[in-house]
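Take a look at the structure set out below.
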Amino acid sequence: MKSKAAVMVSPYKMETMEIEVPKLEKDCALIRIELSGICGTDKHSFKGENKQYGGTAGEFFSQYPFIGGHETVGIIEEIGPEGAKNLEFYGKTLKPGDRVVVIPDLYCNNCYYCRQMPFYPWCDHIQGHGNISLKEWPYLNGGWSQYLYTRPNTDLFLMPEDASPEVGSLIEIFVVAYALDKVKEFYNFAGEGLGFGDNLAVYGVGALGLAHVIKARLLGVDKIIAIDRSQFRLDLAKRFGADITLNVNNTTAEERLETIRSATEGHGVDVVVGATGDPSTFNESLDLLRKVGTYIEVGQFVDLGEVKINPHKILSRNLRVVGVSDHPTFGYDATCRMLERFKNLYPIQEMITKRFGLEHAQQALERALADDVMKITFDPWKD
């Protein structure tokens, strides 16, 4: 049997190929993909910007050609007896016909970080579905394919029977928004962290930033300010909970700072989430914070270079800077329940701007780079 797949063969070049499906091993599964999104990281790889986990033992560059797609949901087509018992993260038994989310990170389970700090993707030898060379077994390593073949060290999340594939394809970015839960842990009466009724700005409201807007509202944040260069995205952020939107194309940094201070009694926001993937926004983001504020960097997953910064700016106002490179594996169940509970208030399926079949992979990636989209998704069975 062969699987049609969208392959990133080199920067700015996609091809549709047919890949032989390997014989199923007893501790693996074959997933029939329903939907798989195009992430910001995928867009960087498409542009040739692919240095990831820079400065760590896990640093690597994407190895073209590869099948992209790590925001992936599908139906179990076939599963080995060991896989049925061991692949579901929460310990549930799996069977053909189950709808599952493919949790993207693959761990060695043997390094210091895997042994001492499990359930966070800090593995020294980390790999990820949708980011593995096409030459590496089992070849069908990404979601932009009709089928994905899981490795034995894959984690799957069994979705509730009434949960939609749209939620499944978007859940990963909402689990990344556990960054806000991390900052809530810092909360104390000295004014640090994120507390009920605090104010927050999200710089960059693509799909990842929008997930933080929604999560912040559900956590009890008061004023939410969304900043972006795309009016399309800002309008969607407004609909999903942002109180104030600022377009960087028609405001200056000084005007944005003044607007935010005016909205926060002259202080600045308690927390800024940086989700642009653009290093040049780092300094401005710090300026938007009040004293003892917290900056969360969640967008710079790909190394795009350095910016000049004055450390005194951090010291003098006692700021806290938090880096978030991924998401906690244990967050899938709670996130899915949250999205299902509030699906009428937040119809997140509307974040999907357009669906493409695999034959239109080149067009899909080019479309994903535009400012007037939120999320482009592959439907492998669409013409």
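The values are calculated or read from the model by the stated rules, or taken from the named source; none is laboratory data. Predicted model only: the values in this text are computed from it and were never measured. Backbone-built Cβ (ideal geometry, glycine too); neighbour counts: all protein chains shown.
Run down Arg239, Arg261, Arg256, Arg233 and say which single residue is farther than 21 Å from Leu319 by Cβ and without any contact (Cβ under 8 Å) to a residue 60 or more places away in the chain.
Residue meeting the stated conditions: Arg239.
Limited to region 173-192, what total is found for residues that are in contact with a Gly (Cβ under 8 Å, 6 or more places away or on another chain), of a type outside the set (A, V, I, L, M, F, W, C) and either buried (at least 24 other Cβ atoms within 10 Å of the Cβ) or in a loop (DSSP other than H, G, I, E, B) (or both)?
Qualifying residue count, region 173-192: 3.
Going by what's in this entry, would Ile296 be described as at pLDDT 95 or above and under 17 Å from the mean Cα position of the chain (by Cα)?
In short, yes.
Within region 97-135, track down each residue that is among the acidic types (Asp, Glu), part of a loop (DSSP other than H, G, I, E, B) and either closer than 21 Å to Lys51 by Cβ or out of contact with any Leu (no Cβ under 9 Å at 6 or more places or on another chain) (or both).
Listed by number, the list holds a single entry, Asp124.
Sort out which residues of region 136-155 are over 23 Å from Asp333 (Cα atoms) and either at pLDDT below 95 or touching a Leu at 6+ places or on another chain (Cβ under 6 Å) (or both), and write them in order of number.
Listed by number, the residues that qualify are Leu140, Tyr147.
So which residues in region 167-203 are among the aliphatic types (A, V, I, L, M), over 18 Å from Arg317 (Cβ atoms) and touching a Lys or Arg at 6+ places or on another chain (Cβ under 8 Å), if there are any at all?
Matches in region 167-203: Val167, Leu170, Ala177, Leu180.
Looking only at region 39-61, how many residues end up being touching an Asp or Glu at 6+ places or on another chain (Cβ under 8 Å) and within 30 Å of Gly97 (Cβ to Cβ)?
Residues in region 39-61 being touching an Asp or Glu at 6+ places or on another chain (Cβ under 8 Å) and within 30 Å of Gly97 (Cβ to Cβ): 1 in total.
Go through region 237-252 and count every residue that is within 17 Å of Ala275 (Cα to Cα) and in a helix (DSSP H, G or I).
Summing the residues that are within 17 Å of Ala275 (Cα to Cα) and in a helix (DSSP H, G or I) in region 237-252 gives 2.
Taking region 284-293 as the search range and keeping residues that are buried (at least 21 other Cβ atoms within 10 Å of the Cβ) and over 19 Å from Asp181 (Cα atoms), which one is nearest to the chain's Cα centre (by Cα)?
Per the stated criteria, the residue is Ser285.
Kindly indicate whether any position in region 109-125 is touching a Lys or Arg at 6+ places or on another chain (Cβ under 9 Å), closer than 30 Å to Ala163 by Cβ, buried (at least 18 other Cβ atoms within 10 Å of the Cβ) and not small (Gly, Ala, Ser).
No, because not a single residue in region 109-125 is touching a Lys or Arg at 6+ places or on another chain (Cβ under 9 Å), closer than 30 Å to Ala163 by Cβ, buried (at least 18 other Cβ atoms within 10 Å of the Cβ) and not small (Gly, Ala, Ser).
Inside region 338-354, can you point out the residues that are part of a loop (DSSP other than H, G, I, E, B) and over 30 Å from Glu284 (Cα atoms)?
Within region 338-354, Phe342, Lys343, Asn344, Leu345, Pro347 qualify.
Which residue is surrounded by the most Cβ atoms within 10 Å (Cβ to Cβ), if the candidates are limited to region 304-337 and must be within 16 Å of the chain's Cα centre (by Cα) and part of a loop (DSSP other than H, G, I, E, B)?
His327
What number of residues within region 211-236 satisfy the criterion of being in a helix (DSSP H, G or I) and of a type in the set (Lys, Arg)?
The qualifying residues number 3.
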